[in-house]
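I have placed the structure first, in the form of structure tokens, so that the comments after it can refer back to it.
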There are 2 protein chains.
Amino acid sequence: MATSSPYDILFQPVKVGPHTARNRFYQVPHCCGLGHVRPQAHAAMRAMKAEGGWAVVSTEEAEIHPTSDLAPYAEQRIWDEHDIPALKLMTDAVHAKGALAAIELVHNGAHAYNHLSRAPLFAPSDMTMESTYPKQARAMSLADIQAFRRWHRSAARRAMEAGFDIIYVYAGHRMSLAQHFLLPEYNQRTDEYGGKLENRVRLLRQLLEDAKEEVGGRCAVALRFAVDEVMGSDGMEWHKEGRQIVQMLKDLPDIWDVNISNWSNDSATSRLQRHEGYQTPYIEFVKQETNKPVVAVGRITSADYMVSLVKDGIVDFIGAARPSIADPFIPNKIRDNRIDEIRECIGCNICVSSDGLGVPIRCTQNPTMGEEWRRGWHPEHIEAKQSDQQALVVGGGPAGMECAMQLARRGYQVTLAEATKELGGRGLAEAKLAGLGAWKRVVDYRLSDMQTRANLDIYYDSQLTSEQIIELGIDNVFIATGTHWRRDGVGRSKRVAMHNDGSLPLFTPEDVMANQLPSQQQMPHVLIYDDDLAYLGGVIAQQLVDQGYRVSLATSATMVSPFTDITLEQATIQRQLLQSGAAVILSHTIHGTVDKQVQLSCNYTGKVQSIAADGLLLVTERIRHSQLYDELLAMPAHGLRHVELIGDAATPGLIADAVYSGHMAARNFEKPAAEVEQQIFRRELISLKPMI
Amino acid sequence: MATSSPYDILFQPVKVGPHTARNRFYQVPHCCGLGHVRPQAHAAMRAMKAEGGWAVVSTEEAEIHPTSDLAPYAEQRIWDEHDIPALKLMTDAVHAKGALAAIELVHNGAHAYNHLSRAPLFAPSDMTMESTYPKQARAMSLADIQAFRRWHRSAARRAMEAGFDIIYVYAGHRMSLAQHFLLPEYNQRTDEYGGKLENRVRLLRQLLEDAKEEVGGRCAVALRFAVDEVMGSDGMEWHKEGRQIVQMLKDLPDIWDVNISNWSNDSATSRLQRHEGYQTPYIEFVKQETNKPVVAVGRITSADYMVSLVKDGIVDFIGAARPSIADPFIPNKIRDNRIDEIRECIGCNICVSSDGLGVPIRCTQNPTMGEEWRRGWHPEHIEAKQSDQQALVVGGGPAGMECAMQLARRGYQVTLAEATKELGGRGLAEAKLAGLGAWKRVVDYRLSDMQTRANLDIYYDSQLTSEQIIELGIDNVFIATGTHWRRDGVGRSKRVAMHNDGSLPLFTPEDVMANQLPSQQQMPHVLIYDDDLAYLGGVIAQQLVDQGYRVSLATSATMVSPFTDITLEQATIQRQLLQSGAAVILSHTIHGTVDKQVQLSCNYTGKVQSIAADGLLLVTERIRHSQLYDELLAMPAHGLRHVELIGDAATPGLIADAVYSGHMAARNFEKPAAEVEQQIFRRELISLKPMI
């Protein structure tokens, strides 16, 4: 920061209550599948954000009481004093790297499960719990509300004891009691906590007042507030009650953290919200109504946009969840004018999906995310080479690129041989599909890095045979030759090839990516059969509809693209597809093709239905390209020192898995086997010391 | 056992490998949502079975390696030596009560997730993983198979070190690699592990041989083997390859634990398999083929049936999972001629559902299940009364019955006032519905117990007003007044009343239970709208179809009765309903009634469809009967010492929740508040000591 930069404004310190944030980069609360279940991993992950320059680093939501129990999901927990030591791991680690630590207290009301605690569920008014389980929450009595305020207040005290600098009151994502009281949909009370807005805001105001009183000026009290539900007049709107609430509470919180509700709107993927800053239109009013600092989000990764947000008086802090996951070092990179080095979030929500699975966070762009503790991985550092060995990477898709790049970073002399004219493989091909354009950042980031490295040679148009590899004389070979999609109907629902009478042309996702489908005139009606159940079936269906094909999407699942439920996209995907005129056939398994018809059988009854079509596109399962690897291994005296199959060719999965596989291969190259082995066994164990 | 009893044969000791089981009662491996995530609770639960007289008590499946990782689910884990202390908690506790301890080693192959470990998934041949996630398992190389055998062998050694007496090789439920290799559906290998049966059995034989060699006669090695997949010739059949495998392995295992696959067949509910012993026809051949003892299951709760199974030479051990959950003391009760006191399993699979949720086990019949450690509850003992206080229980449904029974067991003088002519409430009413007959055991068990208690007075036809309660002069009042179903369409999907033009008669589940629907002639077509999403919508639909109504079942979910997925019933329920001619409308929310039509809107597009019907039956949400409680609280000087709302009237839920609520109220009566509070906070915490 010695010389002046256009980004200096982002590095101004900002007061938050009694504390001063060192700059304007603020990691807002976000889930991570670590939480109280993996406190050591959690502390290490949050500390990495602090090391990367964020001024404020927050936890995920922290359950304040057993009546708000989300087991088995790995959020935070601050039920009583027994949770303080685990939380202190994080605050100590974050403080050591110069950041402020924030905690998001929560009572989830009817969004909680209470399956572990078996406690009653609470809501403003009687209602069924949110998850698909036959249990109802009961309307809180005034005594319940008093108890809740007590729990919240004592959680604030414990948070202070655990070393947090900023303590959140949380009214967002339709996930917290404090927000449920605000919304007439949840709150039909007739007492002083229901009815007119002033009454519905009462509890939130009391929670803020209680927290401020409890911390007595030693911590800042933040309010995370969803100003709009993106439901039109069926929900809260920013220009109506959203704004009024900001006006009513004005300077009561020490900082406003504002966003939109529900979670799928707040954390919209790039597929559904193409551009960064998509929340700005909703939240830009807030700063006009308060004298306290404001933080907001919207998948913001561009430094110039960040500057404009601050200069235009829209926010004081650049909030981030996902961009800080893809690159924990965004602040330092901007500070040091290394903007090209930023690993930009692609907006795929694979990070989000891990929360839904109850497992540690992962990231497509940043394979070290969630591995800071277990494997000791650092997103910016990698161990220098152990020797002067050379490496050959065969295949320049996501796994091959990551592997080659990281080996080169380690200092090895690396040769990357790619069969086609472009690097990127699947990462490039999928990014050409409708809505997935931002995914190209996976390729762009790596290509841009690789081009700076003198010890990395890239060869295009270089499909290698096993003999050629031996001839090359490079002793260490990483095979990242990918997969192709099956064309025979085999997949999770059907382990034998479908009947195929040859009457219909068959296609796979590769044909779509290669633009090799017959025209809409030649093939008016395409039936897509999706047994993969991830995103591709739905993406391709939407693209073909948009291109003017008549599309029927048949799937073995009960909904379109069920995997996208945990990336917060499913309902929108199915809605868009239906609204654009596609036919959807659910819960059916492919049987085969007969006389220009696709036969599908009902998963429940076995009843077969036949659908006339002009082409059948199969999205079922992939075949690994392991032939080259198998050939090398089978050569009795190949003389190679190290041969490793990586990425999809080893285990087909998400692009995130391929990048991770390539990264791991580079990290583990020439590492003692025992050390590699130890990492996979490293885990957090239950204490056998009874707590009470 | 001094005098001879018809059940003596059940108490003969049986040799299992080097050990002797004290009798023929054998708790086979079953999941419980405790596992390695809650080892202290797990040990206490298993020890309770041992205390109740079981001769063998097993764990759930225990992951042997990070490549078989089921996080976040709470199975057992024996990855390395760090898991031994937690497992030793169980073996010590089980041994202290005189039982043998067994452990079920597992590698789940493509049934695993590996989301925590991020390791590759393994399978005999390449295939998509089982859960809805875009990842494929890779065909194991010969080196992979060698590694797997090493892992399994060393897990057997660790199990021995942890004190287990019986070590399982597990080939069942379609959940384990050892079984996947057996099945052509999974195994298309062309090497010595694939093809003819002898080859497909090779790995299982090797695992058994390895384990036997490793334990060197110090432990028994059990084989859990599914003899039939209940798929006809599409899967393994007991009289074909099932039998051949038993013949091939014959006396290699020290004990055969045989069942049917998949899990939903093995753990069939009483709704889908009415009678105990439903697996006997599949497994009765096994003893003819081996000289080693045989254990089998089938929701067996009748002592006479147990005796016949042994006398007829079908099994050596009476296996049990669910019956041992509903009553851990079955063996002792049979031994002591207290058969009337057995709390018979109702076959509802609420126990199973907790595994699917990743939370501690619960049981409809036995509210202490899963609470042995946290709350210190014992299924057969309850603290004696603290004083000579008397108690009034208002309402004789599941909560009221349990509360009254347990208060009486404690020694209090109890009055139970029931508004109708029968005890049982919802427990009785639901048990009259098609397929739920066995649920009546909830009422029967309690009624039978209550009738033996002199300090418990039951009054029928006694609907009490608040004034009458005061007049009664009983100082402690437990209100268990239940709920009724809403008739306005309000539920999880719709928080405001539906439009109702009065053109259609409206019904709720209570009308069905009370046999108050118009006849099939008066109301040929009933539309059932299910927004409850548990079991009732599907149960009632099937019953009305069977009674000759034309039935349309509309639901807000993407499948019929989605909750029943975690009770292992969903697919069968939807199949039966469709096959019996019901129409099913999925993913729709009720809009209202207009001109004898039901209007439903698509959850994705909002598009409204109208369906002509003669009646509308709403299964949406329940209204709590809290009026009596509210009135008592509102009486300024009611003079009562204790007034408590329990069961559905407090928090509507499952019958299991109502029983639990009644039980807890009885346990906590006159207990110091601090002690009650402490129990809900008691939990297992992560150790903060790094393991490596």
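The values are calculated or read from the model by the stated rules, or taken from the named source; none is laboratory data. Keep in mind it's a predicted model, so treat the numbers as computed, not measured. Cβ sites come from the backbone with ideal geometry, for glycine too, and all protein chains shown count toward neighbours. The protein model used for the area step is the full one, side chains on, heavy atoms only, and it has no ligands, DNA or RNA in it. Shrake-Rupley method; radii C 1.70, N 1.55, O 1.52, S 1.80 Å.
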Subset of segment A:131-140 that is free of Cβ contacts under 8 Å to residues at least 40 places away in the same chain and part of a strand (DSSP E or B) - its residue that is farthest from the other protein chains (Cβ to nearest Cβ): A:ALA137
Given (1) surrounded by fewer than 24 Cβ atoms within 10 Å (Cβ to Cβ); (2) within 7 Å of another protein chain (Cβ to nearest Cβ); (3) assigned to a helix (DSSP H, G or I), number of the condition B:ALA86 does not satisfy: (1)
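Right, A:LYS689: within 12 Å of another protein chain (Cβ to nearest Cβ) and basic (Lys, Arg) or not?
Spelling it out, A:LYS689 is indeed within 12 Å of another protein chain (Cβ to nearest Cβ) and basic (Lys, Arg).
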Residues that are over 14 Å from A:ALA321 (Cβ atoms) and either open to solvent by less than 10 Å² (accessible area, probe 1.4 Å) or modelled with pLDDT under 95 (or both), drawn from segment A:259-269: A:SER261
Selection within segment A:37-75 - more than 12 Å from chain B (Cβ to nearest Cβ) and in a strand (DSSP E or B): A:VAL56, A:VAL57, A:SER58, A:THR59, A:GLU60, A:GLU61, A:ALA62
Test for A:VAL94: is it away from chain B (no Cβ under 13 Å), of a type in the set (A, V, I, L, M), under 30 Å from B:VAL496 (Cβ atoms) and over 20 Å from the mean Cα position of the chain (by Cα): no
Enumeration of residues in segment A:648-686 that are within 11 Å of chain B (Cβ to nearest Cβ) and of a type in the set (Val, Ile, Thr): A:THR651, A:ILE655, A:ILE680, A:ILE686
Residue ranges of strands (runs of 3 or more DSSP E) in segment B:489-608 with at least 2 members free of Cβ contacts under 8 Å to residues at least 24 places away in the same chain and in contact with a helix residue (DSSP H, G or I) (Cβ under 9 Å, 6 or more places away or on another chain): none
Residue among B:GLN547, B:GLN521, B:GLN542, B:GLN516 that alone is over 30 Å from B:MET635 (Cβ atoms), crowded, with 19+ Cβ neighbours inside 10 Å and outside the structural domain of B:ALA666 (by TED's automatic domain parsing): B:GLN542
Among (1) more than 29 Å from B:ALA139 (Cα to Cα); (2) in contact with a His (Cβ under 9 Å, 6 or more places away or on another chain) - the single one B:SER270 does not satisfy: (2)
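Mind checking which residues of segment B:459-487 are acidic (Asp, Glu) and either surrounded by fewer than 14 Cβ atoms within 10 Å (Cβ to Cβ) or assigned by TED's automatic domain parsing to the domain that holds B:LEU618 (or both)?
Hits for segment B:459-487 are B:ASP461, B:GLU467, B:GLU471.
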Residue count for segment A:175-189, restricted to those that are open to solvent by less than 10 Å² (accessible area, probe 1.4 Å), touching a strand residue (DSSP E or B) at 6+ places or on another chain (Cβ under 8 Å) and away from chain B (no Cβ under 14 Å): 5
Any helices (runs of 4 or more DSSP H) falling wholly within segment B:618-692 and containing at least 3 residues that are surrounded by fewer than 19 Cβ atoms within 10 Å (Cβ to Cβ): B:627-634, B:673-681
So A:GLN206, is it among the polar types (S, T, N, Q), surrounded by fewer than 22 Cβ atoms within 10 Å (Cβ to Cβ) and part of a helix (DSSP H, G or I): yes
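I want to confirm something. Restricting to segment B:596-647 and keeping residues that are among the acidic types (Asp, Glu) and away from chain A (no Cβ under 13 Å), which single residue is nearest to B:LEU472 (Cα to Cα)? Give the derivation first.
First, pick out the residues of segment B:596-647 that are among the acidic types (Asp, Glu): B:614, B:621, B:630-631, B:644.
Filter once more, keeping what is away from chain A (no Cβ under 13 Å): B:614, B:631.
Working: B:ASP614: 47, B:GLU631: 16 Å.
The residue in question is B:GLU631.
Only one of these is within 24 Å of the chain's Cα centre (by Cα), at negative phi and either in the same structural domain as A:ALA71 (by TED's automatic domain parsing) or not charged (D, E, K, R) (or both): A:ALA384, A:ALA399, A:ALA391. Name it.
A:ALA399
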Qualifying positions in segment A:531-569 - among the polar types (S, T, N, Q) and facing chain B (nearest Cβ under 9 Å): A:THR558
Selection count where residues are assigned to a loop (DSSP other than H, G, I, E, B) and open to solvent by 20 Å² or more (accessible area, probe 1.4 Å), scope segment A:6-36: 9
So A:TRP54, is it surrounded by fewer than 24 Cβ atoms within 10 Å (Cβ to Cβ), out of contact with any Leu (no Cβ under 6 Å at 6 or more places or on another chain) and assigned by TED's automatic domain parsing to the domain that holds A:ASN349: no
Residue count for segment A:115-130, restricted to those that are at the interface with chain B (Cβ under 9 Å from one of its Cβ atoms) and either closer than 21 Å to B:ILE680 by Cα or in a loop (DSSP other than H, G, I, E, B) (or both): 11
Qualifying residue in segment A:21-31 (condition: among the hydrophobic types (A, V, I, L, M, F, W, C), over 29 Å from A:MET129 (Cα atoms) and assigned by TED's automatic domain parsing to the domain that holds A:GLU130): yes
Strands (runs of 3 or more DSSP E) wholly inside segment A:215-321 containing at least 2 residues that are free of Cβ contacts under 8 Å to residues at least 40 places away in the same chain: A:255-260, A:294-296
Qualifying positions in segment A:184-214 - touching a residue at least 40 places away in the same chain (Cβ under 8 Å) and either among the hydroxyl-bearing types (Ser, Thr, Tyr) or in contact with a Ser or Thr (Cβ under 9 Å, 6 or more places away or on another chain) (or both): A:TYR186, A:ASN187, A:GLN188, A:ARG189, A:TYR193, A:GLY194, A:GLU214
